[in-house]
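This report concerns only the one structure given below.
None of the figures in this text is laboratory data; all of them are computed from the coordinates on show. In this text, all values refer to a predicted model and were calculated from it rather than measured experimentally. Quick reminder, even Gly has a Cβ in these numbers, built from the backbone with ideal geometry, and neighbours come from all protein chains shown.
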Amino acid sequence: MAKDFDHMEDSNPSDNPNIHEVSNPARRQVLQTTVWLALLGQVNPLLAMGAKKQGKPGTASRLNFQALPPSVEDFVQVPPGYSFNVMAAWGEAVGVAGHMPAYKADASNTADEQALQLGMHHDGLVFFPLNNSSSHGVIITNHEYTDEGLLHPDGTENWSAEKVRKSQHAVGFSVFETRLVDKAWQMVRPSAFARRITAATQFAITGPAAGHRLMQTAADPQGTRVLGTLGNCASSMTPWGTYLSGEENWSYYFSAGEKMTEHHQRWGLRAKSYYQWEMHDERFDAAKHPNEPNRFGWIVEVDPMDPNSTPVKRTAIGRGAHEGAWVTQTGDGRAVVYSGEDARFEYIYKFISRDKIAAGGAAANRELLDHGILYVARFDADGTGRWLPVVHGQGPLTAQNGYADQGEVLIKARQASDALGATKMDRPEWLTIDRDSGWVYCTLTNNSNRGQNKYPGVDAANPRANNTMGQIIRWKDDNAFAGDRFVWNHLLLAGDPGNERAEAKGNIQGDIFGCPDGLSMGPGGLLWIETDVHSSQLNQGEFKRIGNNQMLVCDPQTAEVKRFLTGPNMCEITGLSFTPDGTTLFINIQHPGESPTDKGDPKYPNQYSSWPDHVDDNRPRSATVAIRKIDGGIIGL
Ligand code: FEO
Ligand code: CA
Ligand code: CA
Ligand code: CA
């Protein structure tokens, strides 16, 4: 029962404009102009892109490591001069004192034991230093989803309430303490910080949609509390020291029945859920509990330092299949939160808080993300863009048009963005903010439906039909993140110049890759890029020369790219967090051995990968990898 996210993320039937008029290509950066002229039929993109050779002769590279070749080996590989250690694999105890059940390699741990162990399929992760240390801290990692074939000894056979509970306990977050000992990072157990947050943990709902009639259910008539978080992808640290995570593929958990409402349909619900929890937990039957799905798709905030705190869903930032959310601040100290929806033809958002960030950490900023203005992005063809207010009473977002109040606008953020004419993007994944230059970068991982049949065509920001490879876009807002106008361009279009199809060639200056996903600015202003080519496409067709999923470094000033790490078979590389001094980089290896056929037969759990245990008949496990330079220097420089 492995999962194929990439083929299921298209639920936007709205008809916002997608082919923008190209008015003044001469104003654009070279990379972008190439694509635009190609779109206009004025230049052969192969010739124009072929002019860019790998590297930049005569220019000193800032990427001071030896690039790796593509790999099809079932190992993590890093450049000479670097080392790494693996920790915190699925099933390890998080370290709650007196409750540390050992991992059982045959997957026979119970649901109650799973609630005390690392969950499955780690995605975003953040290192929170203790006392600003770079050798001691707390990590929170997301567990995006479960593979039931690996989670239970007999997979989905004999589906039961106990299996549903175990599955519910294998998603959410793990909070654990970690320390650098003899040049390797270890979990500290037991630890007062250790905690699991699962699909059964109580969350508070705050902001304009809290208590809304569309958030009320039989179990929660007030509409202010919900059990669990689902589909958590990317994560980030706020300036006040909390953890933010996005709820992405939550729609797969709900069965909406054959007679689906228009609202359920717009949010990608299906007649039958993917996970079949509803067979033993009725709240996931959306035909019976139509408002329960409205309580997912939010940005979630956790205080890593207080294991007794209640995690919060912040509705003011809007609802979506959020990859994650990333925070900076305006010149006068208000929080600016950028987020995107990883779904085909969905949107990019920005939220600006009403109040300023207060000194005093999490406790002083408990309501900061509950008040402010949400905007959605429109990328215009002239290289500028607008942040359109997603505000009740403005433009089409009126009671007359079916939006009773701001709560309803936020719960129906997709419909609101359709109505506003926002730009439909190629699956926005991670964002990262260069606070010095003001540029915000975002990976658009791929969208093979672009320009196909009934689907929207290309536009300036999403310039390739059948976009299998993805691109990295960047924008710079007026007025130091506060303005409602911006300029934008593409840092690069991913791909392989060896491909026949023009749209799959890309314009990378350096090492080739496809499907950028994780993205983070690291020491020295270098961009770290993690890839997620789906396992059904790895090492074949247009991806033949690209190898297993990998992590690369890009100098955004020159666009030079070098491959830094290659992952084991059928994994994706994700999570990305540095220690304050830049000497350790933590990443996650997610779903090693994912079945390309989506069958996930538990009788052959390591058919494709046996990482990281590499013993007979082991189950491949997602885990955290801590990377260091052998000489203790700063990573990447
Ligand atoms: Fe869960 Fe969009 O990655
Ligand atoms: Ca992702
Ligand atoms: Ca992805
Ligand atoms: Ca994935």
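Taking the alpha-carbon centroid of each part, what is the distance from the stretch 90-115 to the stretch 546-567 in angstrom?
Answer, in whole Å: 35.
Tell me the net charge near residue 191. Cut-off is 11 Å between Cβ atoms, residue 191 excluded, with +1 for each Lys or Arg and -1 for each Asp or Glu.
Spelling it out: positives minus negatives among the neighbours equals +2.
Once a ≥ b ≥ c are taken as the square roots of the eigenvalues of the Cα gyration tensor of the stretch 487-570, is the result rounded (a/c under 1.5), prolate (a/b larger than b/c) or oblate (a/b not larger than b/c)?
In terms of gyration-tensor shape, oblate.
Label the stretch 344-487 by shape, choosing from rounded, prolate and oblate, from the square roots a ≥ b ≥ c of the eigenvalues of the Cα gyration tensor; if a/c is under 1.5 it is rounded, and otherwise prolate applies when a/b is larger than b/c, oblate when it is not.
Note, shape of the stretch 344-487 comes out oblate.
Among 116, 214, which comes first, then next, by fewest other beta-carbon atoms within 10 Å?
Listing 116, 214 from fewest to most nearby Cβ atoms yields 214, 116.
Take every DSSP beta bridge whose two residues both sit in the stretch 449-581, then give the antiparallel share in percent to the nearest 5.
Of all bridge pairs located within the stretch 449-581, approximately 90 percent are antiparallel.
When only C-alpha pairs under 8 Å and at least 6 residues apart count, what is the relative contact order of the stretch 163-222, in percent?
The normalised contact order for the stretch 163-222 reaches 30 percent.
Mind checking the full-extension length gain between residue 391 and residue 454? Use 0.36 nm per residue of separation minus the Cα-Cα distance, one decimal, nm.
Fully extending the segment from residue 391 to residue 454 adds 19.7 nm.
Just how far, in whole angstrom, is the stretch 475-489 from the stretch 310-362 if you go by their alpha carbon centroids?
If we compute the Cα centre of each part, the gap is 16 Å.
Considering only C-alpha atoms, what is the centroid distance from the stretch 572-593 to the stretch 212-245, in Å?
For the stretch 572-593 versus the stretch 212-245, the Cα centre distance is 25 Å.
With the contact rule set at Cα under 8 Å and sequence spacing of 6 or more, what percent relative contact order holds for the stretch 71-166?
23 percent
Given only helices, namely DSSP H runs of n ≥ 4 each adding -39500 (n - 2.57), what is the per-residue ellipticity at 222 nm of the chain, to the nearest 500 deg cm²/dmol?
Roughly -2000 deg cm²/dmol at 222 nm, from the helical runs in the chain.
Give the relative contact order (percent, whole number) for the chain; include only Cα pairs under 8 Å separated by 6+ residues.
Result for the chain is 17 percent.
Specify whether the C-alpha gyration tensor of the stretch 452-532 places it in the rounded, prolate or oblate class, a ≥ b ≥ c being the square roots of the eigenvalues: rounded for a/c under 1.5, otherwise prolate if a/b is larger than b/c and oblate if not.
In terms of gyration-tensor shape, oblate.
Within a Cβ distance under 14 Å of residue 305, other residues only, what is the Lys/Arg minus Asp/Glu net charge?
Surrounding charge for residue 305 is -2.
Extending each Cα 7 Å along its Cβ direction at residue 61 and residue 130, get the distance between those two points in nm, one decimal.
3.9 nm
With Cβ to Cβ distances under 13 Å as the rule, what net charge do the other residues near residue 294 carry (K, R +1; D, E -1)?
It works out to a net charge of +4.
Over the chain, what is the percentage of antiparallel beta bridges among all DSSP beta bridges, to the nearest 5?
Close to 95 percent.
Give or take rounding to whole Å, what are the principal axis extents of the alpha carbon atoms in the stretch 501-620, in descending order?
Answer, in whole Å and largest first: 49, 42, 17 Å.
Quick one: Debye curve from the C-alpha atoms of the chain, no solvent, what's log10 I(q)/I(0) at q = 0.08 Å⁻¹?
Each listed q maps to, in turn, -0.52.
Subtract the Cα-Cα distance of residue 184 and residue 102 from 0.36 nm times their separation in residues, and report this length gain in nm to one decimal.
Contour length minus the Cα-Cα distance gives 27.4 nm.
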